[in-house]
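The values are calculated or read from the model by the stated rules, or taken from the named source; none is laboratory data. Source: prediction; values computed, not measured. Glycine also receives a Cβ, built like all others from the backbone with ideal geometry; neighbour counts cover every protein chain displayed. We work out accessible area using only protein heavy atoms, side chains counted, and drop any ligands, DNA or RNA first. Shrake-Rupley method; radii C 1.70, N 1.55, O 1.52, S 1.80 Å.
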Amino acid sequence: MNECPMGKRPAALAYPFTESERLEVDPTYARLRNGEGLALVQPPFGGEGWLAARYEDVRTVLSDPRFSRARALHEDVPRMVPFLPPPDTIMAMDPPDHNRLRKMLAQAFTMRRVEKMRPKVQSVVDRQIDLLEKAGTPADLMGDFAVPVSMTVITELLGVPYEDRDRFGTWVGIIFSASHPPEEAMAANESLTGYLAGLVAQRRERPGDDLLSVLVEARDSGDRLTESEMVGLATAVLIAGFDVTSNHLGNMLYALLASPEHLGQLLEDPGMVPGAVEEMLRYIRPATGESIPRVATEDVELGGVRIKAGEAVLPSTMSANRDASVFENPDVMDFGRKHNPHIAFGYGAHHCVGAQLARLELQVAIATLLERLPGLRPAVPVAEVPWRDARNVWSSPAELKATW
């Protein structure tokens, strides 16, 4: 086991390694997986940290309790965004506090409850395609489909007024956009949490049949959520259900438009859609991993490197999902892949609690779009599709013009 070559701490690499080019993955990740496995990196904010690139190392960091999320709440922790999460939000907790919040939130995302949402998701998708057909071509599959579909589903689940979508959509966009200075991102984050705190207060006066009302009930019952825990849960659900899901869907639609072969496979055999969604989750850069650091609570051996107590590790699920020791031909998008244990939704205690709802949305949206618009094709060369300037290591099309 080595701390670093020649006993000296290596120079930190600037991170991200390069500007992301659409769905391509920087070759540095492959060099790390095939070489030292870990690299000392310097992200835009905070201090230095170790980037874990191999599948097994990433799963270890995500599941080993010696790597703490709660300890990653100080200013010198390496991160992609300028602000730190509140200490009582679910993404910043370790067990047992994390387990308490997760157990409560998981009640809203059981397999049974998610499946009961299928007709609603189908209705949302159908209505949005109706609007696409009415407006005619070319259509923006990002702004006129992926974003409104994901936004409608999550706002109705939470009980957020749909008419406020432009407000919180703008806030989320600023938080994760590299085009806005850090102080604007921090202000947008404060506005978003303040807005949700106001909705929580409204639900205390007028409960409804939505997740916000469930959180309020938990606050006033035996579960004893704090006010900030409620707001933190609502913020996490909103961001994941809106920004993360819409970007997943936009990237998947871009991947299909960019590859007539893969698009043709799904048009010929719609039964392949669930497996195709899983493969695109693996192949396309996920929104979790590098932006969510862990801190070692004691000296830990990881991939042959000694991580000292107090040092941060950034687990790259993106790189892990391209590990050739786990996935055959990992750099090929293969809709017929049989063995696909990807970790796009994370792994361990912080595995995404809403993963099944995201899968449902993605499958229904893609299957229905291709069924109703079988002539779908890009309206502009895919190389000219404008890309969003994201603050984290994941991005998506700014717009995706298509015709049929």
If I filter region 233-274 down to residues being part of a helix (DSSP H, G or I) and polar (S, T, N, Q), which single residue comes out as modelled with the highest pLDDT? Gln265
Subset of region 29-45 [without any contact (Cβ under 8 Å) to a residue 60 or more places away in the chain and either open to solvent by less than 20 Å² (accessible area, probe 1.4 Å) or of a type in the set (Gly, Ala, Ser) (or both)]: Gly35, Ala39, Leu40
Can you name the condition, by its number, that Glu21 falls short on among (1) open to solvent by less than 70 Å² (accessible area, probe 1.4 Å); (2) at pLDDT below 85? (1)
I'd like the residue in region 219-230 that is assigned to a helix (DSSP H, G or I) and touching a residue at least 40 places away in the same chain (Cβ under 8 Å) and, out of all such residues, is surrounded by the most Cβ atoms within 10 Å (Cβ to Cβ). Glu229
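Considering only residues that are at pLDDT 80 or above and assigned to a loop (DSSP other than H, G, I, E, B), which ones fall in region 282-303?
First, pick out the residues of region 282-303 that are at pLDDT 80 or above: 282-284, 292-303.
Once the filter is applied, which keeps residues that are at pLDDT 80 or above and assigned to a loop (DSSP other than H, G, I, E, B), region 282-303 yields Ile284, Ile292, Pro293, Thr297, Glu298, Asp299, Gly303.
From the list Glu133, Glu156, Glu163, pick out the single residue that is more than 17 Å from the chain's Cα centre (by Cα), open to solvent by 50 Å² or more (accessible area, probe 1.4 Å) and farther than 20 Å from Leu212 by Cβ.
Details: Glu156 fails: farther than 20 Å from Leu212 by Cβ; Glu163 fails: farther than 20 Å from Leu212 by Cβ.
So the residue among Glu133, Glu156, Glu163 that is more than 17 Å from the chain's Cα centre (by Cα), open to solvent by 50 Å² or more (accessible area, probe 1.4 Å) and farther than 20 Å from Leu212 by Cβ is Glu133.
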Could you tell me which residue of region 172-192 is most open to solvent (accessible area, probe 1.4 Å), considering only residues that are more than 21 Å from the chain's Cα centre (by Cα) and among the acidic types (Asp, Glu)? Glu183
Surrounded by fewer than 17 Cβ atoms within 10 Å (Cβ to Cβ), over 17 Å from the mean Cα position of the chain (by Cα) and not charged (D, E, K, R): which single residue out of Ala296, Ala324 fits that description? Ala324
Among all residue pairs at least 6 apart or on different chains, which show Cβ distances below 7 Å where the first residue, located in region 52-70, is in contact (Cβ under 8 Å) with a residue 40 or more places away in the chain and the second is acidic (Asp, Glu)? Arg54/Asp323; Tyr55/Asp323; Arg66/Glu298; Ser68/Asp94; Arg69/Asp94
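Quick check, is Gly275 of a type outside the set (Phe, Trp, Tyr), under 19 Å from Leu369 (Cβ atoms) and either surrounded by 23 or more Cβ atoms within 10 Å (Cβ to Cβ) or without any contact (Cβ under 8 Å) to a residue 12 or more places away in the chain (or both)? Can you show your working first?
Details: of a type outside the set (Phe, Trp, Tyr): yes; under 19 Å from Leu369 (Cβ atoms): yes; either surrounded by 23 or more Cβ atoms within 10 Å (Cβ to Cβ) or without any contact (Cβ under 8 Å) to a residue 12 or more places away in the chain (or both): no.
No: the conditions fail for Gly275.
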Which members of region 64-100 meet the condition of being open to solvent by less than 50 Å² (accessible area, probe 1.4 Å), among the polar types (S, T, N, Q) and not in a loop (DSSP other than H, G, I, E, B)? Ser68
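Just the residues that are surrounded by 21 or more Cβ atoms within 10 Å (Cβ to Cβ) and either among the β-branched types (Val, Ile, Thr) or outside any loop (DSSP other than H, G, I, E, B) (or both), please, taken from region 136-147. Full working, then the answer.
The first filter runs over region 136-147 and keeps only residues surrounded by 21 or more Cβ atoms within 10 Å (Cβ to Cβ), leaving 139, 141-142, 145-147.
Within region 136-147, Ala139, Met142, Phe145, Ala146, Val147 qualify.
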With the structure loaded, tell me whether Glu205 is under 30 Å from Asp97 (Cα atoms), among the charged types (D, E, K, R) and touching a residue at least 40 places away in the same chain (Cβ under 8 Å) or whether it fails that test. no
Out of the residues in region 344-378 meeting the condition of being over 14 Å from Met252 (Cα atoms), assigned to a loop (DSSP other than H, G, I, E, B) and at pLDDT 95 or above, tell me which one is most open to solvent (accessible area, probe 1.4 Å). Pro374
